[in-house]
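Here is the structure we will look at, set down as structure tokens.
The values are calculated or read from the model by the stated rules, or taken from the named source; none is laboratory data. On a predicted model such as this, the values are computed, not experimentally measured, just so you know. Here the Cβ positions follow ideal geometry from the backbone for every residue, glycine too, while neighbour counts run over all protein chains shown.
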Amino acid sequence: MAVNPNYIREVFLTFSLFIFLIPNVIGQSGGTSIIWEEENAIGVSFQINEEDNKFIEVFLKDKTTSILGKYEMETKEIFFYPIVPFTFGLDYEIRVRGEMIHEFSVPFSPTLKRPSVINIYPSSQIIPANLLKIHVQFSQPMQEGKTKNFIQVLNEKGEIIPNVLLDLQPELWNADRTNLTMWLDPGRIKRDLQPNLKMGPPLEVGLCYRVIISKAWKDQYGLELGNDFIKDYSILRDDRDKPSIHDWELTYPRTTSLNNLIVNFGESIDFELATNAITVNKDGQLIEGSTILKDCESQWFFTPEEKWRSGKYELVIESRLEDLAGNNLNRLFDHDLEKNEDASNEQKYHKISFTLNEQSMQ
């Protein structure tokens with residue numbers, strides 16, 4: 001039997017009108033728009049019936065606790081600004097009286113770059129058995145509170161070794177969350193303490209260990225590292241000697257140049273402290289410049305912002321400067337607590353004086 005085309009058209013129009021009149025729960029009143037500020041998703045705007053504006057809540061998808069933030073209203077449009085920007089790659093829901101009326105996802109910006117691990121320090125593959133700290137340097141700010149989830153220490157058999165690194169809370173980050181400092185358990189490093197007697201030291205002489213930083217660790221925007229970062233270490237005997245400035249060798253720059261002042265420590269020094277605990281003064285005034293470490297943190301290079309001038313200088317070293325075992329310029333890390341050491345003789349600063357003149361050569 002032939003079907004009248006006009007009949008088909010009437011049925012289609014009637015069905016379309018019926019669909020149009022049904023409330024659209026997912027995209028009611030035109031959907032959502034994400035509000036951006038540089039690379040951050042700082043808010044979302046959406047439309048809603050005016051009588052519902054007192055019952056609005058924003059949630060992570062499938063979560064039961066609403067997100068804290070500020071709501072603003074313009075006519076029928078609502079603007080929501082969370083206290084912390086929305087996270088890239090996550091899904092969110094807008095609910096009224098507990099019912100979801102909108103959902104949205106926060107896409108990754110195409111201009112964002114994945115984070116990376118620049119290096120792990122000590123950068124040397126050979127370290128003392130009483131190593132105290134490990135530093136991880138990232139290319140951009142990372143999410144905090146993730147150390148125990150994303151950093152593992154393995155033995156030669158590939159087995160995960162628990163309790164090598166302290167689970168410090170809060171974690172030890174620099175101000176912009178690009179440098180993380182992790183401690184090995186001091187109670188196991190210091191001899192004769194109960195953790196050492198019960199569990200032994202975290203690292204054993206003659207063995208090899210592997211530190212793995214998981215590719216799943218995310219930066220402040222929610223982007224993952226993408227690749228595991230692996231660092232292998234071989235363990236030598238304990239280092240039980242204090243560093244001494246008398247063992248250092250200095251290479252002096254030429255005046256009227258921007259050449260480096262170079263200090264050769266003769267051993268690897270703690271990365272973070274070697275970067276921050278040494279300065280250069282002239283006539284009591286700080287010389288501005290930049291510092292880099294080379295040769296497994298055994299050499300310190302200082303480049304001034306302005307050219308060197310003739311005169312008297314001081315290399316000022318804070319006594320807190322440490323070697324890899326935590327021995328500083330004043331005392332050993334694992335010193336005998338029963339000995340009454342005279343702390344009054346300890347210096348806060350150590351200084352090396354030198355003079356530059358026209359004949360100074362590098």
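Here ASP334 passes the criteria (1) loosely packed, with under 13 Cβ neighbours inside 10 Å; (2) at pLDDT below 95 except the one numbered (1).
Under the condition of being surrounded by fewer than 19 Cβ atoms within 10 Å (Cβ to Cβ), closer than 18 Å to LYS294 by Cα and touching a Ser or Thr at 6+ places or on another chain (Cβ under 9 Å), the residues counted in segment 106-142 number 6. Looking across ILE56, ILE120, ILE94, ILE101, one residue alone is closer than 25 Å to ILE213 by Cβ and either touching a residue at least 40 places away in the same chain (Cβ under 8 Å) or not aliphatic (A, V, I, L, M) (or both). It is ILE120. Tell me whether segment 249-266 contains one or more residues that are part of a loop (DSSP other than H, G, I, E, B), under 27 Å from the mean Cα position of the chain (by Cα) and more than 30 Å from ARG191 (Cβ to Cβ). The answer is no; no qualifying residue exists. Residues in segment 69-87 that are closer than 23 Å to LEU223 by Cα and touching a strand residue (DSSP E or B) at 6+ places or on another chain (Cβ under 7 Å): TYR81, PRO82, ILE83, PRO85, PHE86. Scanning segment 119-177 for residues that are small (Gly, Ala, Ser) and within 18 Å of GLU322 (Cβ to Cβ) yields SER123, SER124, ALA129.
Listed here are the residues, each with its yes/no results for (1) exposed (fewer than 15 other Cβ atoms within 10 Å of the Cβ); (2) in contact with an Asp or Glu (Cβ under 9 Å, 6 or more places away or on another chain); (3) within 23 Å of ASN174 (Cα to Cα).
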| position | (1), (2), (3) |
| --- | --- |
| LEU258 | yes, yes, no |
| ASN264 | no, yes, no |
| GLU267 | no, yes, no |
| ASP270 | no, yes, yes |
| VAL280 | no, yes, yes |
| GLN285 | yes, no, no |
| ILE292 | yes, no, yes |
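Considering (1) modelled with pLDDT of 95 or more; (2) of a type outside the set (Ser, Thr, Tyr); (3) not assigned by TED's automatic domain parsing to the domain that holds VAL280, the lone condition that ASN327 does not fulfil carries the number (3). A search for C-beta distances below 9 Å between a residue of segment 258-278 that is under 23 Å from ARG309 (Cα atoms) and in the same structural domain as ALA325 (by TED's automatic domain parsing) and any residue that is of a type in the set (Phe, Trp, Tyr) and part of a loop (DSSP other than H, G, I, E, B), counting only pairs 6+ apart in sequence or on different chains, returns LEU258/TRP308; ASN259/TYR252; ASN259/TRP308; LEU261/TYR252; LEU261/TRP308; ILE262/TYR252; VAL263/TRP248; ASN264/TRP248.
Taking first residues from segment 296-308 that are in contact (Cβ under 8 Å) with a residue 60 or more places away in the chain and partners that are crowded, with 16+ Cβ neighbours inside 10 Å and not small (Gly, Ala, Ser), the Cβ contacts under 7 Å between residues at least 6 apart in sequence or on separate chains come to CYS296/PRO122; GLU297/TYR121; GLU297/PRO122; GLU297/ILE269; GLU297/PHE271.
Is one or more of the residues making up segment 328-338 in contact (Cβ under 8 Å) with a residue 12 or more places away in the chain and not in a loop (DSSP other than H, G, I, E, B)? Looking through segment 328-338, at least one residue is in contact (Cβ under 8 Å) with a residue 12 or more places away in the chain and not in a loop (DSSP other than H, G, I, E, B). Filtering segment 171-196 down to residues that are closer than 20 Å to TYR221 by Cα, touching a residue at least 12 places away in the same chain (Cβ under 8 Å) and of a type outside the set (S, T, N, Q), which residue is surrounded by the fewest Cβ atoms within 10 Å (Cβ to Cβ)? Out of the qualifying residues, it is ASP176.
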